[in-house]
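These notes are about the structure you will find just below.
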Amino acid sequence: MLARIVTLILAVCFSMQAETRAVLVGISKYQKLPQDLWLQYADADATALSKLLALPQSQVTLLTNEKATTAAIRDALRGIAKASPADSVLLLVAGHGTVDSHGAYILTYDSDPENLAATALPMAELQTLVQRDLAKAARVVFLADVCRAATIGNLKTETVGNALEQVGEDSGEMLGLMAARPAELSIESPEFGGGHGAFTWSVLEGLSGKADADGDGVVTAGELIDYVRGNVSRLTKGRQHPRDFGNMDNATKLASGKVVLP
């Protein structure tokens with residue numbers, strides 16, 4: 001259990017009308033995948049982050065397992081696409097990602113691996129969301145844990161990370177964190193906070209204060225990056241190495257002991 005509730009403070013410098021909007025997607029179970037390809041804790045990762053945020057329920061969309069259909073995720077993304085220039089946006093996607101000959105995709109609860117183009121969520125849609133729709137938002141934090149399996153049927157996942165990096169190109173102020181390098185698996189275990197992915201558990205701990213390297217009571221973007229990188233490598237004994245992308249200044253304040261995304 002996390003020792004305390006924290007609040008991200010991405011919008012504190014803006015007007016009273018500023019909001020923080022969060023879309024948190026965690027998919028462990030898949031309607032059209034065999035159970036041996038299901039994940040264990042992606043839904044728990046998203047749920048735990050939703051509990052960490054000190055935000056009104058109206059500003060947080062949590063989609064896990066059967067609620068995380070392609071249509072539902074698209075609807076949630078359309079909602080945050082309306083963010084104003086004063087708003088901050090937090091997006092977490094935890095689940096399977098894969099590629100075929102046509103491109104890279106996020107596998108949703110109802111995706112059909114035999115027909116990704118018609119049923120999965122193309123990574124290109126996330127790229128459009130960030131580069132066009134969210135470019136006007138004050139700040140964007142994108143947490144991506146979509147590299148969990150090496151193979152889904154005949155589909156490969158090694159290039160999903162490269163597609164995710166392209167999501168953040170030419171966007172506004174953005175911090176992107178990916179769970180692993182392209183050829184690595186993303187590890188989850190009951191040893192991580194009672195059942196989480198090593199990546200999201202490290203993010204949760206970091207925002208809760210463990211990333212506060214200088215002890216000033218505030219977690220900055222640079223401190224979170226450094227903590228997540230080091231802690232994931234430690235937890236996984238060097239088998240997993242998160243990556244960051246985007247252009248958010250290292251000194252940007254993300255969390256304090258009392259405030260997470262006001």
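The values are calculated or read from the model by the stated rules, or taken from the named source; none is laboratory data. If you're wondering where the values come from, they're calculated on a predicted model, not measured in any experiment. Positions of Cβ are generated from backbone atoms using ideal geometry, with glycine treated the same way; all protein chains shown enter the neighbour counts.
Summary of values
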{"item": "Residue in region 114-122 that is more than 14 Å from the chain's Cα centre (by Cα), within 23 Å of ARG21 (Cα to Cα) and part of a loop (DSSP other than H, G, I, E, B) present", "result": "no"}
{"item": "Flag for GLU191 being at pLDDT 95 or above, more than 28 Å from GLY103 (Cβ to Cβ), of a type in the set (D, E, K, R) and not in a helix (DSSP H, G or I)", "result": "yes"}
{"item": "Single residue of LEU49, LEU91 found to be out of contact with any Asp or Glu (no Cβ under 8 Å at 6 or more places or on another chain) and in a strand (DSSP E or B)", "result": "LEU91"}
{"item": "Region 44-87, residues that are more than 27 Å from GLY206 (Cα to Cα), modelled with pLDDT of 95 or more and polar (S, T, N, Q)", "result": "THR69, THR70"}
{"item": "Selected residue (criterion: surrounded by the most Cβ atoms within 10 Å (Cβ to Cβ)) from residues of region 40-93 that are closer than 30 Å to GLU191 by Cβ, over 16 Å from the mean Cα position of the chain (by Cα) and of a type outside the set (Lys, Arg)", "result": "LEU55"}
{"item": "Yes/no for GLY209 being at positive phi and not aromatic (Phe, Trp, Tyr)", "result": "yes"}
{"item": "Region 94-111 - residue that is within 19 Å of ALA42 (Cα to Cα) and part of a loop (DSSP other than H, G, I, E, B) and, of those, nearest to the chain's Cα centre (by Cα)", "result": "GLY95"}
{"item": "Flag if ARG21 is surrounded by fewer than 21 Cβ atoms within 10 Å (Cβ to Cβ) and within 17 Å of the chain's Cα centre (by Cα)", "result": "no"}
{"item": "Per-region count, region 30-46, residues farther than 10 Å from GLY95 by Cβ, touching a residue at least 24 places away in the same chain (Cβ under 8 Å) and part of a loop (DSSP other than H, G, I, E, B)", "result": "5"}
{"item": "Looking only at region 133-176, and only at residues there that are over 26 Å from ASN250 (Cβ atoms) and not β-branched (Val, Ile, Thr), the one that is modelled with the lowest pLDDT", "result": "ALA150"}
{"item": "Breaking point among (1) at pLDDT below 85; (2) buried (at least 17 other Cβ atoms within 10 Å of the Cβ), for GLU223", "result": "(1)"}
{"item": "Meets criteria (assigned to a loop (DSSP other than H, G, I, E, B), at pLDDT 90 or above, over 18 Å from the mean Cα position of the chain (by Cα) and surrounded by 18 or more Cβ atoms within 10 Å (Cβ to Cβ)) for ASP212", "result": "yes"}
